[in-house]
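Comments concern the structure below.
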Amino acid sequence: MDISKLLHLFAVIIWVGGMFFAYVVLRPSAVEVLQPPERLRLWDKVFSRFFKWVWLAVFLLLASGLYMIHLFGGMAGAPSYVHAMLTLGTVMMLIYAYVYFVAYARLSKLVAAQDWPSAGAVLASIRKLVAVNLALGLLTVAVVMLGRGM
Ligand code: HEM
């Protein structure tokens, strides 16, 4: 359980911590310093690197999480906060899959075509979905820690 829990926590730190930095620190700094074309090129590069780590985090969360549920003797033996975590985690992964396969794929094409107004609109939609996933990620950690009585 310890190694799987450690990998699980590393995955949470990489994904949720990365979203926090991107949304709260990098986004306003980029708006203050860069013009739209540079800003959009920056985010295209940032997402191409960060999303590789998010796929690793999604894999580690599912593998370690489902293994730990197996150690609980399946969902019937798992505490209710684990049920809530699986639900919230699945919603986060579905939102991320949409961001990656639909919005980010569109953003990369528009940046390559230097269509800045359309790329800006797609970036705005990604920003809103990252805000939702950041809130869900922090909520999931709170549900687990409060559910377990910390
Ligand atoms: C969607 C798939 C997921 C599954 C199946 C899953 C399952 C589990 C299980 C079974 C545990 C052990 C609970 C215990 O021993 O009390 C656990 C711990 C934990 N999970 Fe998840 N989880 C998932 C996603 C997430 C996500 C998305 C987050 C946060 C964003 C998260 C945060 C945590 C935390 C903070 C712990 C406590 C680790 C500790 O004991 O220090 N999990 N998870």
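Distance between the modelled labels on VAL25 and SER108, one decimal in nanometres: 2.6 nm (7 Å Cα→Cβ projection). Share of carbon and sulfur in the accessible area of region 2-147 stands at 73%, probe radius 1.4 Å. Only helices enter this figure: runs of n ≥ 4 DSSP H residues, each worth -39500 (n - 2.57), summed and divided by the residues of the chain, yield -28000 deg cm²/dmol at 222 nm to the nearest 500. For the pair ALA76 and ARG148, a Förster radius of 22 Å applied to the C-beta separation gives a FRET efficiency near 0.75, rounded to the nearest 0.05. The residues of the chain expose on average 57 square angstrom of accessible surface per residue, using a 1.4 Å probe on protein heavy atoms.
By the rule of a C-alpha distance below 21 Å, with chain neighbours fewer than 8 residues away ignored, the lysines paired with LYS128 are LYS45, LYS52, LYS109. Here is the list for region 45-129: chymotrypsin sites (Phe, Trp or Tyr not before Pro) lying in DSSP coil, each with at most 14 other C-beta atoms within 10 angstrom of its C-beta, are PHE72. The long axis of helix 36-71 is offset from the longest Cα principal axis of the chain by roughly 10 degrees. With a simple spin-label model that places each label point 7 Å from the Cα along the Cα-to-Cβ direction, the separation between PHE10 and TRP55 comes to 1.9 nm. The trypsin sites (Lys or Arg not before Pro) of region 1-60 include none that meets both criteria, a DSSP state outside H, G, I, E and B (loop) and at most 11 other C-beta atoms within 10 angstrom of the site's C-beta.
With bins 10 Å wide beginning at 0, the percent of Cα pairs of the chain falling in each bin runs 11, 38, 28, 15, 7, 1. In terms of its C-alpha gyration tensor, region 70-131 has a prolate overall shape, because the principal axis ratio a/c (a ≥ b ≥ c, square roots of the eigenvalues) is not below 1.5 and a/b outweighs b/c.
The values are calculated or read from the model by the stated rules, or taken from the named source; none is laboratory data. Treat the numbers as computed from the prediction; the structure is a model and nothing was measured. Cβ: placed from backbone, ideal geometry, glycine included. Neighbour counts: every protein chain shown. Note: areas computed on protein heavy atoms with side chains; ligands, DNA, RNA excluded. Shrake-Rupley method; radii C 1.70, N 1.55, O 1.52, S 1.80 Å.
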